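What follows is a short report on a single structure.
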Amino acid sequence: MRWKNGAGRTTEIAVHPAGAALDAFDWRVSVADVAGDGPFSPFAGVDRTIVLLAGAGIRLARAAEVVVLRTPYEPYPFSGDDAIDCALVDGPVRDFNLMVRRGRGIGEIVIVRGAAAPIAPARFCLCYAANGTSVCRIAGRPPLRLAGGHALLVDGELLPLAVDPLTTDAVAVVVRIE
C-alpha cells in the first residue's frame, strides 16, 4: 500500500483490528522499501519503532537530534508525533516498522539470532523471519517453520513462544504487544 504521505510503498504484515485504516489501527506491523530521501509520514498519538533490515543505513533528523541507523536489526523507538526527515546513507534500504497507538497498547521488539530464545507471553506476538528460516514453537502445538519474509501472528493465546533461527545468519524480528 502507499505510505500515508504518498512518497513510497509499504507491505503491511498485520494490523489490529483487522482491516483498520491508517487513522484507526491499534497497532500495525509493516516492511517498507525506502528508495529516496524525504519526510516520514506523521502519526500523531502513535509510538513507532523502526528496524533497519537491509541497506547501508538511514539518517533520521528531528528537531535538534540526528540519528544514523547503519546496523541491521537494532530497534530504534521514536514518537510518530515528531516531524522526521529521512536521508539515505548510500542507496535504498528496507526497514521493519512497528506502530502502536498510545492508550491502546504497548509494543516491544525482540531480535532473535544465533540461538533459540524464549519470548514472554503477550496479548499479541508476531514473528517475522527477516533473514533465513526460523522455527516458532508454542507449547502443545507442532513447530512452525517460517521461511525468510514470512510471519506468524499469535493472537491472544498468552502462551510462551520460542523462536529458533535455523542457521547462524538467520534473524527473526519478534513483536510483543500488550
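Mind listing which trypsin sites (Lys or Arg not before Pro) in segment 57-122 are in a DSSP loop and have 16 or fewer other Cβ atoms within 10 Å? Passing both the DSSP loop test and the Cβ count: ARG70, ARG102, ARG104. Taking the Cα centre as origin and putting +1 on Lys and Arg beta-carbons and -1 on Asp and Glu beta-carbons, what dipole magnitude results for segment 107-177, to the nearest 20 debye? With only Lys, Arg, Asp and Glu charged at Cβ, the dipole is about 80 debye. Each label was represented as a point 7 Å from its Cα along the Cα-to-Cβ direction; for ASP82 and MET1 these points are 2.5 nm apart.
Modelled this way, with points 7 Å down the Cα-to-C-beta line, the labels at GLU74 and VAL89 are 0.8 nm from one another.
Computed on the Cα trace of segment 9-101, the radius of gyration divided by the Kirkwood hydrodynamic radius gives Rg/Rh = 0.95.
Each of MET1, MET99 was scored by other Cβ atoms within 10 Å of its Cβ. Listed from fewest to most, they are MET1, MET99.
Taking every C-alpha pair closer than 8 Å and separated by at least 6 residues, the mean separation divided by the residue count of segment 9-101 gives a relative contact order of 39 percent. Here TYR76, TYR128 are placed in order of increasing Cβ neighbour count within 10 Å, fewest first, which gives TYR76, TYR128.
Quick note: the coordinates plus some simple rules give every number you see, no bench work behind them. In this text the structure is predicted, and so the values were computed from the model without any measurement. Cβ atoms come from the backbone with ideal geometry, glycine included; neighbour counts cover every protein chain shown.
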